[in-house]
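S.K.: Below is the structure I would like to discuss, written out as C-alpha cells.
Nothing in this text is a laboratory measurement; each read-out follows from the coordinates by a stated rule. Quantities reported herein were computed from a predicted structural model and do not represent experimental measurements. So basically every Cβ, Gly included, is an ideal-geometry build from the backbone, and we count neighbours across all protein chains shown.
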Amino acid sequence: MFFVTYLRRELQHRLRQAIVIALGLAVGIGLVVTVTAASAGVRQAQAAVLKALYGVGTDIVITTAAPAPPKPGSPGAGKYQQTFTPGQKPQNVSELGLPPGLGLLGSSSVPKVARLGGVAAAAGGLTLANTTLTIPSIAQEQSGHLPANATGSTITVDGVDLAHAGLGPFASATIRSGRSFTAADADRDVAVVDSGYATASKLTTGSAIDIAGHAFTIIGITLQPQGGGSADAYIPLARAQALARFQASDLDGKVDAIYVKAASAAAIPAVQNEVAALLPGATVTSSASLAGAVSGSLASAASLAEDLGRWLAVAALVAAFTIASLLTMAAVARRVREFGTLKALGWRSPRIVAQLLGESAVIGVAGAAAGVALGFAGTALVQALAPELSAAVANNPGSAPPQNVSLNPGSGGIQHHIAPGALHTVPVHLTAPVTLTAITVAVALAIAGGLIAGSAGGWRAARLRPAEALGRIG
Amino acid sequence: MYALTGVTRTFRKHSGTIAAVQDIDLVIGDGEWLAIQGRTGHGKTTLLNLLGGLDRPTSGTITLNGHDLTAMSENQITRIRAATIGFIFQTFNLIPTLTAAENVQAALIPLHIAAAERRERTAAALDSVGLLDRARHLPSELSGGQQQRLGIARALAKQPVVLLADEPTGNLDEDTRDEIITLLENLRHQNKLTVVLVTHDTSLAYRAPRVGIMRNGRLSIRQDHDRATT
C-alpha cells in the first residue's frame, strides 16, 4: 500500500514530466499502430487482389508458355494464322481460342499433380478468349464503310472443372442471381457470366451468349470480388475443350492452367519444386511469387508501408524510448538525495528500483492508452486521406509474349490482339484495420518502453552509494 | 557498542589521494553521547558515514555490537541500518511528496512490519516530537524546526540503538536549535540511545559528556574531566 501511495504522490508531484514522457511514448506507439494498420490494410488489399486472381483456396497455378511460332512465310506458319477472305456478304465469326502466348498442358498432368506430396487438390482449367468479328463484304471493304464490329470484340472465357469448382478463379465468384454449375452441367451449353459483363451487355439469367458459334444459356450471374474479373464468362471445362481451337485442333484432353491447393502453407515451396520436376518448362506461380509481380500504386503503397513505414515506426519508437529514458534518468538525478536518504533508512536498491519501475510502468500504461487512441486517430486519417490505390496484375501469368498473332494479316485492316501477360488494373480501396494483436503489441511496447526508461533510471539509482548520494547535495 | 580500529578513509581526487579520516581508534559505549566537533572539511561527516555503514573504510575495522561492518555485504549493512541505526540530517532530507506520517512510515518499510503496527509506531514517534497534529502535512507545510523534529521522529520510529546526527541544528535559528537539542537529550534518556552528533558548533558539542575533535582526518577525544581541567 505504501508502494502505491508513494508512487501516486511522486507522479502527482511530477505530473508535467510524466505527461511529457507518456506523450512521447504515445506518439511512438501511435505511429506503430498506424503503420501496422496501414501495412495490414495494404496486405489485405494485396491478398484480395491475388485471391480474386487465383480463386479462394488456390495456392499455386501451373501454366506454360506457348512455343514461339515460326515467322510468317516459313513452313508451318499457316497453322498460327487465321485468314478470312471477304465474300459478297459480311461474315460473322465467333472463335474460342487460347489467349496469345499461353501454352497447353495435358489433362493427364492434373491427377499426377494431385498425387504429389503436400498437394491437397488439383484442378485443370482453360483460360480462353472468345473473339467475335464481322468480316466485311468485298463491297464494304472497297467502299471503306466497315461494319461497326469489324475490329472485333473479345470476352474472356474460363473453362471450369466442375469436379473441382472450389479451385481456380471461379471459386472466388459469388452467385448474385440464378445458380452455379452442377455436375449435370458438364456437357451442356450453359454459362455463368460476370455481373459487370452482364450489365454492360444487358444480359440476365436465361439469356444466351455466343461462344464459338454456340448459344450458351446463362444460368447465373456472378459478382467478382475486388480485383477479380479475370473472366467474363465461365463454361464447363469439357465444353471449352471441345469448342476451343488451337492451331486448327480442338483442346480435348488439354488445359492451360492447373490450380493447386497445398496441404498447408508450409508445403507450398516443396510443392513448387515437385511440380517443377514433374513438369519441366512449366511456369509455377504461387501467390507469394505473384505478389512480387503486382505493380501499380498498391505495390508502391505496400513497399512504402513495408519499408519506410516500418523504419519510421522503429525510429519513432527508439526516439520515444530514448527520450523517456533520458527524462527518467534526469528525474533520478534530481532525486539523488531522496534515494540516498531511502538507502540510509535501510531501503535496499531493488526496492528503490521497483518503486521507479512502478512509476515508469504507470507512465507506460498511460502512454499505451494515449498511443492506441492516437493510433486509431492516425488510421482514421489514413483511411480518410489515402488516395484510391490501384493494382496492376497480369492477365495470364506464365504466358509468353505474342508473336504474329493477327486476324486477316493480308488485308491489314482487321487485327485483334490480347497481349499475354498484359496487365489489368484493379482499383483498391485502402483500409487500415487496427487489430487486437496490434493493440496488444502496442500496449506491450509502451509498457516495455516505460520499463526500459525506468530500468535506466533504476540502474543509476541502484549504483548510487548512499554516502555519495547524500554528500552530493548536502 | 562501537569499536573502531585503525580506520582510514581516503578519496582519490585529481590532485592525488586525500585522507578524509586517518587511523582512528575509538570505542563508543552503549548509551553514550559522543559529540564530534571540527571545522568543515576535516572529516566529521565521513566518520559519521562510516559509523552508519553509508561508506566503507579504506582500511581498518568497525564493529557494532560485535558485528564487523567492514566485512559485511551491502545487503547485510542495509539490514543493520534499517533496524539499528537512525539518521538525522542537517537538511532534514524529508521526502517532499510524502506527508509527515508517510515520511515516518518510510523508515519502517524495510522492517516489514504489519501496517497496523507501522501506524502505531508512526503515531507514537510523531507524538514524541509533538507533531501528531501535523501528521497529514507535507514537509513544505512545516517550519524548519518542525521539519527537523519530523526527521527525529523518522529516526526514532524504528526504535534504533544508535542515533547518528549530522549537524542537526545547522539550518535552524538559535531558539529552535536549543529546542531540538533538548528534545534529543530527552529522547536519548528515554530510549537509552547511543548518540553520535557531528557539529561545528562548540557550545552544542560541549553539551555532550564526551567530545571528539576532528582535525585533518584525525580524532582526539576529550572527556568531561579534561574539559574541567582546561
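S.K.: If packing is taken as the average count of other Cβ atoms within 10 Å, what order do A:108-117, A:234-243, A:437-446 fall into, highest mean first?
M.R.: By packing density, highest mean first, the sequence is A:234-243, A:437-446, A:108-117.
S.K.: Rounded to the nearest 0.05, what FRET efficiency do residue B:133 and residue B:112 give with R0 = 35 Å and r taken as the Cβ-Cβ distance? Could you check?
M.R.: The formula returns an efficiency of 0.75 here.
S.K.: Here is a further query. Which value, in Å to one decimal place, does the Kirkwood hydrodynamic radius take for chain B when every pair of different Cα atoms is included?
M.R.: 18.1 Å
S.K.: DSSP loop (so not H, G, I, E, B), at most 12 other Cβ within 10 Å: list which trypsin sites (Lys or Arg not before Pro) in segment B:4-59 pass both filters.
M.R.: B:39
S.K.: Let me ask something else about it. If Lys and Arg each add +1 and Asp and Glu each add -1, what is the summed charge of the other residues whose beta carbon sits under 13 Å from the beta carbon of residue B:114?
M.R.: Values: positive: B:118, B:119, B:121; negative: B:117, B:120.
So the environment of residue B:114 carries a net charge of +1.
S.K.: Moving to a separate point now. With charges only on Cβ, +1 for K and R and -1 for D and E, what is the dipole size of segment A:162-282 about its Cα centre, in debye, rounded to 20?
M.R.: Using only the charged Cβ atoms, the result is roughly 260 debye.
S.K.: Now for a different question. For segment B:1-108, what is the per residue volume of the convex hull drawn over the alpha-carbon atoms, in cubic angstrom?
M.R.: 142 Å³
S.K.: Please pull out the direction-averaged projected area of segment B:12-56, using the convex hull of its alpha-carbon atoms, in nm² to one decimal place.
M.R.: 4.1 nm²
S.K.: Give, rounded to the nearest 20 debye, the magnitude of the charge dipole that segment B:60-153 has about its Cα centre when Lys and Arg contribute +1 at Cβ and Asp and Glu contribute -1 at Cβ.
M.R.: Magnitude of the dipole: close to 60 debye.
S.K.: Test of the criteria: in segment B:145-230, which trypsin sites (Lys or Arg not before Pro) are in a DSSP loop and have at most 12 other Cβ atoms within 10 angstrom of their Cβ? If you can, show how the numbers build up before the last one.
M.R.: Numbers: sites: B:149, B:154, B:158, B:177, B:188, B:192, B:207, B:210, B:215, B:218, B:222, B:227; in loops: B:158, B:192, B:207.
Here the sparse-neighbourhood loop sites are B:192.
S.K.: Something else about it: By how many degrees, 0 to 90 and rounded to 10, does the Cα axis of helix B:144-157 deviate from the longest principal axis of chain B?
M.R.: The angle comes out near 80 degrees.
S.K.: Longer than 26 Å from Cα to Cα, which of A:89/A:202; A:89/A:254; A:202/A:254; B:13/B:44 are they? Say none if no pair is. Don't skip to the answer; put the middle values down first.
M.R.: On the way: A:89/A:202 28 Å; A:89/A:254 36 Å; A:202/A:254 32 Å; B:13/B:44 19 Å.
A:89/A:202; A:89/A:254; A:202/A:254, as the Cα separations exceed 26 Å there.
S.K.: Then there's this: Can you list residues whose amide H is under 5 Å from residue A:102's amide H, if they're 5+ apart or on another chain and H is modeled 1.01 Å from N?
M.R.: Amide H to amide H, under 5 Å and 5 or more residues apart or across chains, residue A:102 pairs with A:66, A:400.
S.K.: Based only on Cα atoms, what Rg/Rh ratio does segment B:71-198 have, Rh being taken as Kirkwood's radius?
M.R.: Here the Rg-to-Rh quotient is 0.95.
S.K.: If eta is 1.567 mPa s and T is 4 °C, what Stokes-Einstein diffusion coefficient results for segment B:67-136, Kirkwood Rh from Cα pairs, in µm²/s? Please report the intermediate quantities before stating the final value.
M.R.: Values: Rh = 13.5 Å.
In µm²/s, the coefficient is 96.
S.K.: Between residue A:179 and residue A:369, what is the FRET efficiency for a Förster distance of 51 Å, r being their Cβ-Cβ separation, to the nearest 0.05?
M.R.: For residue A:179 and residue A:369, the calculated efficiency is 0.50.
S.K.: Next question. As a check on your grasp of the helix formula, calculate [θ] at 222 nm for chain B: sum -39500 (n - 2.57) over DSSP H runs of n ≥ 4, divide by the residue count, round to the nearest 500.
M.R.: On the way: 8 runs with 84 residues, N = 230.
Taking each H run of at least 4 residues, the total per residue is -11000 deg cm²/dmol.
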